[in-house]
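Read through the structure below, which is laid out as structure tokens, and then see the notes.
The values are calculated or read from the model by the stated rules, or taken from the named source; none is laboratory data. Since this is a predicted model, take the numbers as computed values, not measurements. We place every Cβ from the backbone using ideal geometry, glycine too, and count neighbours over all the protein chains shown.
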Amino acid sequence: MKKILLVSSFLIIIAGFVLVGSGVWGIAFTYMNVARENIMTPDDASIPNVPVRGPFTLNAQVNIIREHTLKITGGKTFAEMPRQISKLDVDGKPILGEDGKLVMTANTARDIWITATTLITALNFGIFAYAFSAIILVFGFFFILTGITFYALGRKY
């Protein structure tokens, strides 16, 4: 029993250090990749005029992109807007075709959501990467403490 506890304690401690190293690497990797984009939060963000680096500034940037996009699209999301809208003349009146039906054109305001969704998703992945790395780091410390406990029990019995 003593030998099993001592061997397992060393294996768990090694696994803990691997997890701690992985968590630190994940945080550093995410930080470096976010930092190289040189994103600054705008004046009206919840955390204004700071470089986007960590999960809180990433979240502030996500929220302000969504807020700005909703302003541009009149409060409508991608799914709430029609794919096509009627084409307008210079006076803002709908253009009718030869058959008397409205001439339709692509809704370019809807395309704004494609860009916004891409940016929001990328930033949210950064937040997720920070959270996942932090969880790995915590598990690593937990493994190290468990290994130390197993070692102490192995020496006692």
Only one of (1) assigned to a helix (DSSP H, G or I); (2) within 29 Å of residue 27 (Cβ to Cβ) fails for residue 79. Which number is that?
(2)
Would you please list the contacts, defined by Cβ atoms under 8 Å and residues six or more apart or on different chains, that run from a residue in the range 81-105 that is touching a residue at least 12 places away in the same chain (Cβ under 8 Å) to a residue that is among the basic types (Lys, Arg) and surrounded by 13 or more Cβ atoms within 10 Å (Cβ to Cβ)?
81/110; 82/110; 83/110; 102/87; 103/87; 104/87; 105/87
Candidate set from the range 58-77 (those that are crowded, with 18+ Cβ neighbours inside 10 Å and modelled with pLDDT of 95 or more); member that is nearest to residue 113 (Cα to Cα):
69
Residue count, the range 4-43 (criterion: closer than 27 Å to residue 123 by Cα, over 20 Å from the mean Cα position of the chain (by Cα) and not aliphatic (A, V, I, L, M)):
2
Does the range 136-143 contain at least one residue that is touching a Ser or Thr at 6+ places or on another chain (Cβ under 8 Å) and at pLDDT below 95?
no
What are the pairs with Cβ atoms under 8 angstrom where one residue, in the range 146-157, is touching a residue at least 60 places away in the same chain (Cβ under 8 Å) and the other, located anywhere, is not in a helix (DSSP H, G or I)? Sequence gap at least six, or different chains.
157/1
I need the full set of residues from the range 122-152 which are surrounded by 18 or more Cβ atoms within 10 Å (Cβ to Cβ) and either closer than 15 Å to residue 21 by Cβ or among the small types (Gly, Ala, Ser) (or both), in order please.
126, 129, 133, 136, 137, 140, 143, 144, 147
Can you tell which of 49, 59 is of a type outside the set (A, V, I, L, M, F, W, C) and over 28 Å from residue 21 (Cβ atoms)?
49
